[in-house]
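One structure is given here, and the rest of the page talks about it.
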There are 2 protein chains.
Amino acid sequence: MRVAVDAMGGDFAPGEIVRGTLLAARDLGAEFVLVGNEQAIRAELPGGKLPEGVTLHNASEQVAMGEKATRALRKQDSSLVVGARLLKERAVDAFFTAGNTGAAVAVALTVVGKLPGIDRAYIAVLMPTTEGAVVLMDGGATVDCKPRHFVEMALMGSVYAKARLKVDSPRIAILNVGEEDAKGSKVVKEAHKLIRQTDLNFLGNTEGDRLFAGECEVILCDGFVGNVALKVAESSVKFAFKLLARELRARPLDRLAGLIIKRSAMKRLARDLDYSAHGGALLLGINGTYVIGHGKSSDTAVHQALRITVDSIRFGVVDFIRESVPREVAGLDKDLMQEDEAPTQG
Amino acid sequence: MRVAVDAMGGDFAPGEIVRGTLLAARDLGAEFVLVGNEQAIRAELPGGKLPEGVTLHNASEQVAMGEKATRALRKQDSSLVVGARLLKERAVDAFFTAGNTGAAVAVALTVVGKLPGIDRAYIAVLMPTTEGAVVLMDGGATVDCKPRHFVEMALMGSVYAKARLKVDSPRIAILNVGEEDAKGSKVVKEAHKLIRQTDLNFLGNTEGDRLFAGECEVILCDGFVGNVALKVAESSVKFAFKLLARELRARPLDRLAGLIIKRSAMKRLARDLDYSAHGGALLLGINGTYVIGHGKSSDTAVHQALRITVDSIRFGVVDFIRESVPREVAGLDKDLMQEDEAPTQG
């Protein structure tokens, strides 16, 4: 098993990316190919030497975090494009990048390409819940989703949740403004009808306040909604703890308690809730195992993301999707699946 | 100044609603009309007597929290419909309900009606930020918003923020998946162009992780997105504190610290972050001051919501909107404002 890693992508690249890859090489039983500027990568290696199981593939250019996707696509010798090309050519079994998400999605679609029969790509994010975890998708790859895109997500998300969360029949719900079937936007109402036609374990609608309740394994939404939801979740928690920290300075006894918990409980909690610690999000719909990490990925986040990457190869998530999903999509009601206009890339 | 209060709406009605109204009658300098079942209301009054400044208006029916809007509309003698009718007939200056939001919006549109020249209604929610507060709208009244609806929200939200947050030129942003102008769904891209044509202090796009940053006073989004964002924000904070509570049980010293903060800092924080404590959300676009409270409103939440209600009358928010906004909307580019299809009620 070989995994290409974009050593130059992410806010803390190449340092944290290289260190995370070295951690992964020790315990994941796979080979890793660090893609990027050779000198910059070597500078991060202890003694400048590559350990066993890690190789280096030079790429002269780099895609910046704020760079436009259209510009990134033209950087043919960037670590992002070169890594994606290694996946396309089957020189590796998977590719991981913590770089610019917009560029990563564009490069995946253009360089690696979509699975036959699948119309778009979707970011499948693993979120912690009180009961374990839930796959939320789309995290922001496709905005203006049509009903058929919800079906693609439902089918692919179910495969991923089976593999990742070890459940036989993942429960699927649409993120909506109410629980009743008739609630929501036109698109989600249509999506509802379509998913009802499948054999999936479809529960119907769920709401934003049930996201962490652990009532289902897959939550579906448009990439616009998913992107907002993920970012709001992350910032709400930070905001709440900021206010807590302020309250903990208000009175002497609180200050003492604050000192205690900051060194222990709060530290463990921050680690548990760290968006990046949940690591890689699979970009489903792409013809290969393509994993996107949080821009702020630390070495442990990279390690965790590479664990998800290796597990996904091992479970054969993409192979299973390739063999089953397009056929199931093709079997659905043509009228309902009909599209009036092309979706937008987010 | 007279304010009708739906005494039967909300999870804790009529008790908390009546008690909250009595608190408001003491310090808000307005008269309150409790609308609902006379016996049930009297049972909540100390000695069964109405204090000065509070009257009672009987309504025999009640709209349940889970009841469908279409059914609620047929309950002509419900506290919700009767209260709305008092506003329509100008027997009162404002109406407040903590009942079923879907029914409250439907009754507002049907019984009270929209402002001339305004196409839809939008829930303007006041959210706390690190710098003060921000008006987020739409909180869930209108899904499938068209670009023109974003303009209506921008204009009305600016008026509300001026009055409520005491700023001369409220900064307005669209909630989007990225900051660049070209990001997002088709609708928000068009909305962007339209709002640029106004004289408003429009900053462009903001993202879900900037919601609490206090960088603007008005954040605009479709009712679907706003509803999800508000519910995710609420549940993320609850989820984080649930995990913190678990961590605080893990080790003896943490347990001690936990005991201390639960009685002080956490209590104050829970109060600050309590969604309901931020009280009423103005339903903008309606031809009258119509305020919707959280279903779980306690007496203090009702008190706070009635403060927002009275302030909104005093500031003349709806009058100001009536006089200025429709003219501004009418002056915008006809091509951009054109609608291909009717919006959906959420």
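The values are calculated or read from the model by the stated rules, or taken from the named source; none is laboratory data. Since the structure is predicted, the reported quantities are computational estimates derived from the model, not experimental observations. Positions of Cβ are backbone-derived with ideal geometry, glycine not excepted, and every protein chain shown enters the neighbour counts. Just so you know, the surface numbers come from the protein's heavy atoms only, side chains and all, with ligands and any DNA or RNA stripped out. Shrake-Rupley method; radii C 1.70, N 1.55, O 1.52, S 1.80 Å.
When you scan region A:3-23, do you find a residue that is of a type in the set (Gly, Ala, Ser), surrounded by fewer than 14 Cβ atoms within 10 Å (Cβ to Cβ) and in contact (Cβ under 8 Å) with a residue 60 or more places away in the chain, even just one?
Within region A:3-23 (the criterion being of a type in the set (Gly, Ala, Ser), surrounded by fewer than 14 Cβ atoms within 10 Å (Cβ to Cβ) and in contact (Cβ under 8 Å) with a residue 60 or more places away in the chain), the answer is no, since none of the residues qualifies.
Return the residue satisfying two criteria in turn: it lies in region A:174-201 and is open to solvent by 40 Å² or more (accessible area, probe 1.4 Å) and part of a helix (DSSP H, G or I), and of such residues it is nearest to the other protein chains (Cβ to nearest Cβ).
Checking each candidate, the answer is A:186.
Scan region A:60-115 for residues that are among the polar types (S, T, N, Q) and without any contact (Cβ under 8 Å) to a residue 24 or more places away in the chain and jot them down.
Correct list: A:60, A:76.
Only one of A:305, A:270 is modelled with pLDDT under 80, out of contact with any His (no Cβ under 6 Å at 6 or more places or on another chain) and closer than 29 Å to residue A:104 by Cβ. Can you tell me which?
A:270
Being in contact with a Cys (Cβ under 7 Å, 6 or more places away or on another chain) and modelled with pLDDT under 95: is that true of residue A:343 here?
Considered against the rule, which asks whether it is in contact with a Cys (Cβ under 7 Å, 6 or more places away or on another chain) and modelled with pLDDT under 95, residue A:343 comes out as yes.
With a cut-off of at least 1 residues that are polar (S, T, N, Q) and either open to solvent by 20 Å² or more (accessible area, probe 1.4 Å) or within 14 Å of another protein chain (Cβ to nearest Cβ) (or both), name the helices (runs of 4 or more DSSP H) lying wholly within region B:57-173.
Filter on region B:57-173 gives B:69-74, B:101-107.
Please state which of the following conditions residue B:128 fails to meet, knowing it meets all the rest: (1) at pLDDT 95 or above; (2) touching a Phe, Trp or Tyr at 6+ places or on another chain (Cβ under 8 Å); (3) farther than 30 Å from residue B:327 by Cβ.
(1)
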